[in-house]
Structures are given as structure tokens and as C-alpha cells.
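Data block below; observations after.
The values are calculated or read from the model by the stated rules, or taken from the named source; none is laboratory data. All values reported here derive from a predicted model rather than from experimental measurement. Glycine also receives a Cβ, built like all others from the backbone with ideal geometry; neighbour counts cover every protein chain displayed. For accessibility, only protein heavy atoms count, side chains too; no ligands or nucleic acids. Shrake-Rupley method; radii C 1.70, N 1.55, O 1.52, S 1.80 Å.
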Amino acid sequence: MTKTALVVGASGIVGSATAGLLVEQGWTVHGLARRPTAQADVHPIAADLQDAEATKTALSALDPDAVFITTWLRQDSEAENIRVNSAMVRNLLDGLLKPTRRRHVALVTGLKHYLGPFEAYGQGKLPQTPFREEQGRLDIENFYYAQEDEVFAAAQRDGFTWSVHRPHTVIGKAVGNAMNMGTTLAVYATLCREVGRPFAFPGSAAQWSGLTDMTDAGQLARQLLWAAETEAAHDQAFNIVNGDVFRWQWMWSRIAEWFGLEAAPFDGTPQPLERQMAGDAETWRRIAERESLAEPDLARLASPWHTDADLGRPIEVVTDMSKSRRLGFTGYQPTDDAFFALFDRLRADRLIP
């Protein structure tokens, strides 16, 4: 019997990768988004999760075997992040029919579980790296914790199993996404090449020299599916990264080479992308018109603020994957290959020249 999945946030980086993998594996896939985008063999559902009644109406005929929650909305304060994003999870789970058979709900959060929310990111007393799932919550309000609590409460009420997945910075394709380092760096490199600007690392000395890791969207999708189908993985939280570690001083040169650039020397001084790219919208529009690119709006491709937050951290960040490895998840993805595959796809889709 074909299994049915609901992917929430199907138009985003993680959601689109997850929906695509599920289709490949023979699932019937429904993709929910405020403004669904076309994806092969994914049945679109348009709904605003902030509207409880509209969400319930949109989901009234659906009884999925698995639900993958891959979306959130950024707000101006952490208090608002908590209010809005917990309500979205609550409205979703309240709006679904009570399961008539076994159901699994997977929630994607991230390493801000360990690093703190945007308002206190990488500050105060943090757990020791590499981050491990048994390290408890920080003593600070965090919308990830509020989202988890909504899942836990609904699971207790409705009897479904759950999993929580904590990726590091995600590499993947999406247009109009609020957190998109891979496409941001591709656009930045293209602009540097266009105007002769040095391809300068924007972040901190700690990130330039220290070890780090990242998460390819396909790698995350594989863990989501594995957890849904693996009984030993139910009611558990998992870190998810590619499986390799690197230093940005090495990766920066790799990215520069792909774009035919020389990596500028790094003197330890941060040069945030938000400042560097502040006046680049018109330059990008000219490039897009000349090269017949699909998206002339720089703001829909690049998210400099988020890339700055990740690359500007004052601490080394590495993530332990032992928990899911012990339970049988063996996925692996070299991070430089993940970047190059994304750049190839962006070029093929006429998003970069």
C-alpha cells in the first residue's frame, strides 16, 4: 500500500528536497505552502498556518502516514518568533484528522537549539562542542523549544510518534528563502567577478580557522525519511550534518576556484555581506537582464544577514552524529561537492550566469 506524506514548507530548501526524495521512494506526497510552487508529482496544498480554520479546512481530507515540518517564519523578536511559530505547529497538528493508523511527525529545527536564538546567538554559556543531542536546552527562550513542545503535546494527545532533526547551515536550492547560504555565496561570487570586487571572506577569524560542518538538504531529507521508517528512531532528537568537517580557509578557496576567482587574503577583520551587498540590487538586475536569468530580484536569492550570522560566529561549531549512526543512519555527503552540485543546479536553472 502506498504511503502518504504531508511536507509542510514544500517550497523551501528542506521541504522541496524532502518532497522530491519521497516521490522517488514511491510515496504519495502532498506539499503545503502559503504559495505552493510546482514540483513534479507533488500535490499542492495552499494554506497559511497562522490561520487555524483555513489550515483545518485545507487538511480536512488528509490522513497522512508521515508529516514533515520544515517551515518557520522569522519575526522581529524572539518573543514573536515563539508566538508565531509555535502557533503554526499547533494549528497544523490540530488541523489534521486524528490518525486512523500509525503516523510519524518529523520536525526540523537546527543548531540554534545549542547556540541560542538570533537575539542571543552564540552568547552566554554554551554547551561544549561537538554538540550532542543529550545536551539540554539553554536557559533562554527559544522558538525551537516552543515548536518541540507543541509536537510533544500533540503526540501525547493523538498517539503519533515523532522525531526532531537539528541540521547545521543547510545547502540547497530555493528562491525567496530567508536562510540560504549556498545561493547567497553564489550570487556574491558572481557580483565580485562582475565588478572586480575582491572575493573576501565576510566572517570571523574563529570561523576562518576553526573546524565546522554543514548539512546538504538531500542529506537531511534522507535522515527524515530514515527516521519516519525506523522504529528505533521514533521519539528521538537527532543532529544531522554531512559527515565531514572543514575549515573555511580551505572551502573559501574551493568556492572561489569554481567561479574562476582568486580568494582574497583574510586579515582577521570581518567584512559582513550585508554591508558589502547593500548597494548591489541594481547591478544584479543588470546582470540578470544581460544573461536572461530567471530572477532579477537580488533579495529573493540572497540572504546576507543569515550568512553573516553563521560565518561571523566567534566560536568553532562542529556537530556529533553518533546517535543516528549507532541506530543505522549511514548517509554521507562531502560538503564541497554539495556546494558544487548546488552551483551547477543554479546555473542550469538560469539563476546564476
Using only Cα atoms and rounding to the nearest 10 degrees, what angle (0 to 90) does helix 281-291 make with the longest principal axis of the chain? 90 degrees
Would you list, by chain and number, the aspartates and glutamates whose Cα falls below 13 Å from the Cα of Lys125, excluding same-chain residues fewer than 8 positions away? Asp139
With only helices counted (DSSP H, runs n ≥ 4, each -39500 (n - 2.57)), the per-residue ellipticity at 222 nm for the chain, to the nearest 500, works out to -12000 deg cm²/dmol
How far is helix 217-229 tilted off the main Cα axis of the chain, in degrees rounded to 10, range 0 to 90? 20 degrees
All other residues with a Cβ under 13 Å from the Cβ of Gly218 taken together, and with Lys, Arg as +1 and Asp, Glu as -1, what is their net charge? 0
Could you report the accessible area of Tyr121 in Å², rounded to 10, computed with a 1.4 Å probe on the protein chains as they sit in the structure? 40 Å²
Note, region 242-254: 3J(HN,Hα) by Karplus (6.51, -1.76, 1.60, θ = phi - 60°), whole Hz, Gly/Pro = x, goes 6, x, 10, 10, 7, 10, 5, 4, 7, 5, 4, 5, 5
Alpha-carbon centroids, region 152-214 and region 13-84: separation in whole Å: 20 Å
Distribution output for region 74-182: share of Cα-Cα pairs per 10 Å bin in percent, first bin at 0, values 13, 40, 35, 12, 1
Please give the helix 78-95 orientation as an angle from the longest Cα principal axis of the chain, in degrees from 0 to 90, rounded to the nearest 10. 40 degrees
Cα centroid separation - region 237-258 against region 310-345, whole Å: 7 Å
